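Chemist: Once you've had a glance at the structure underneath, I'll fire off some questions.
The values are calculated or read from the model by the stated rules, or taken from the named source; none is laboratory data. Predicted, not measured: the structure shown is a model, and the values here were computed from it. Cβ: placed from backbone, ideal geometry, glycine included. Neighbour counts: every protein chain shown.
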Amino acid sequence: MSARGCGRFAPSTTGRAHPGTLLAALLCWLDARSRGDAVRLRLEDLDRERTKAGYVEGLRADLAWFGLDWDAVDLQSEAVDRHADAIDRLSADGLVYACDCSRAAVRSAGTRAPDGSYVYPGTCRAQRVSRNAWRDEARPLRLALPSDPLELQDESGEDLSGDAAALFGDPVLRRRDGATAYHLASVLDDAATGVDRVVRGRDLMPSTLLQVALQRLLGLPTPTYRHHLLLLERRGEKLSKLHGAVDVVALRAHYDAPALCGALAGFVGLAPLGTRCAPGDLVSVFDWERVGDDDVLLGWDPTRGLVRGPEPG
Ligand SMILES: [Zn+2]
C-alpha cells in the first residue's frame, strides 16, 4: 500500500495574493513536503463575475516567485462535468430543490450559521427538481441535507462536532449564476484528486462540518483537516484578515522572495526574525509544534515592510 498522501492549496482566483495567501500556501506546502506527500495547487475559479483576467496567472506567478512548486495544478472550472454528475446523483435521490428566496429573505430569518452566513430556513424545500430538469433550472439549487449529527475533530484537536443540517440549513449546490457552489465543488475535487490532508486557515474551520456532511452524503472519504493561525490587521476597532493593508505588488516591490519567506516564517515561529530563506530550506525544520497557535497581528510600514502590531498612526 502506498503511504504517500496528498495535500492541496486551493485559493479562490478573485484577487491577487496577499501576505495571508502566501503564508497559507507556505504552511500547506511545508506540511506536505515535510511528510513526503504530494501537494496540488487548485485554483478555485468558478466565480466568473469576480475572477478577472490575469488573476489566475497572477496567482500562479506570485506563488512561483515565492518559491513554491506543485505536483499538479488543477483549474476548478475544468471539473464542472464532475460537479454536474454529483448533482445528477443527488437529484435522482430526490434531494435537490430550486430556491426562490432573495438574500434579504434568508437574512430576515435571522439565524447565523457557524461560518457567519445565515441559516437557510428551508422555505422552498417542496420545490424538488428531478434528475432531468435541474440543468434547465435558472434558480439556485439547494440540497435537502438530512440530519446527521457527527463527531468531528481536526488534527489540532479542535472539536467541530455537530449536525450540519441544523447548524447551516440546506446548502446551495448551484448558484444563481450557474456556478457550482464552493462547498460542493471543494469536496468533490478533493476526492477526485486524491487529497487526504486539508491544511488551511482557521477562518475556514467553521465550514468543515458542512463539508464533511457533504462527503458522507456523497460517499466520499473525509480527509484529515488541520486549521492554522491567521495573519490579521487592525481595521478601526476590528481585527480582520490581513488583506487591505498590502497587496502582492507592494510586497514584491519591498521584498525579494527570500526576505519575504524569512519574514513570514519568522512571524509564525519557524525561523528567527530577519532570516532569508526559500520554502525548501524550511522543510527539514518544519513541525506544527513550532508554528504558533495565536493569530499574528501585522501592519504595513512603507519603509520597514510588514511589522508586528497595529499599523503606525
Ligand atoms: Zn428558498
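Chemist: When you look at V246, is it under 14 Å from the mean Cα position of the chain (by Cα) and closer than 23 Å to F66 by Cβ, yes or no?
Modeler: Considered against the rule, which asks whether it is under 14 Å from the mean Cα position of the chain (by Cα) and closer than 23 Å to F66 by Cβ, V246 comes out as no.
Chemist: I would also like to ask the following. How many residues does the stretch 117-136 hold that are buried (at least 16 other Cβ atoms within 10 Å of the Cβ) and of a type outside the set (A, V, I, L, M, F, W, C)?
Modeler: Total meeting the criteria: 6.
Chemist: Follow-up. The conditions are (1) farther than 18 Å from D31 by Cα; (2) at pLDDT 95 or above; (3) charged (D, E, K, R), and R252 fails exactly one of them. Which is it?
Modeler: (2)
Chemist: Being aliphatic (A, V, I, L, M) and within 14 Å of the ligand (Cβ to nearest atom) is the filter here; which residues of the stretch 106-137 pass it?
Modeler: Within the stretch 106-137, V106, A109, V119, A126, V129 qualify.
Chemist: Pick from A144, A165: which is in contact (Cβ under 8 Å) with a residue 24 or more places away in the chain, surrounded by fewer than 19 Cβ atoms within 10 Å (Cβ to Cβ) and within 16 Å of the ligand (Cβ to nearest atom)?
Modeler: After ruling out the rest, the residue left standing is A144.
Chemist: Considering only the stretch 188-210, state which residues are in contact with a helix residue (DSSP H, G or I) (Cβ under 6 Å, 6 or more places away or on another chain) and among the β-branched types (V, I, T).
Modeler: Passing the criteria: only V199.
A quick yes/no check of all residues on (1) assigned by TED's automatic domain parsing to the domain that holds D100; (2) on the phi > 0 side of the Ramachandran plot; (3) among the aromatic types (F, W, Y):
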position: L188; (1), (2), (3): yes, no, no
position: G194; (1), (2), (3): yes, yes, no
position: A250; (1), (2), (3): no, no, no
position: A263; (1), (2), (3): no, no, no
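Chemist: Let me ask you something else. Mind checking which strands (runs of 3 or more DSSP E) fall wholly inside the stretch 19-133 and carry at least 1 residues that are within 19 Å of the chain's Cα centre (by Cα) and more than 24 Å from V283 (Cα to Cα)?
Modeler: In the stretch 19-133, the matching strands (runs of 3 or more DSSP E) lie at 72-75.
Chemist: Taking R200 as the residue in question, decide whether it is within 16 Å of the ligand (Cβ to nearest atom) and in contact (Cβ under 8 Å) with a residue 24 or more places away in the chain.
Modeler: So R200 does not fit the description; no.
Chemist: Now, a different point. What tally of residues in the stretch 61-102 results from selecting those that are more than 30 Å from A24 (Cα to Cα) and free of Cβ contacts under 8 Å to residues at least 12 places away in the same chain?
Modeler: The qualifying residues number 3.
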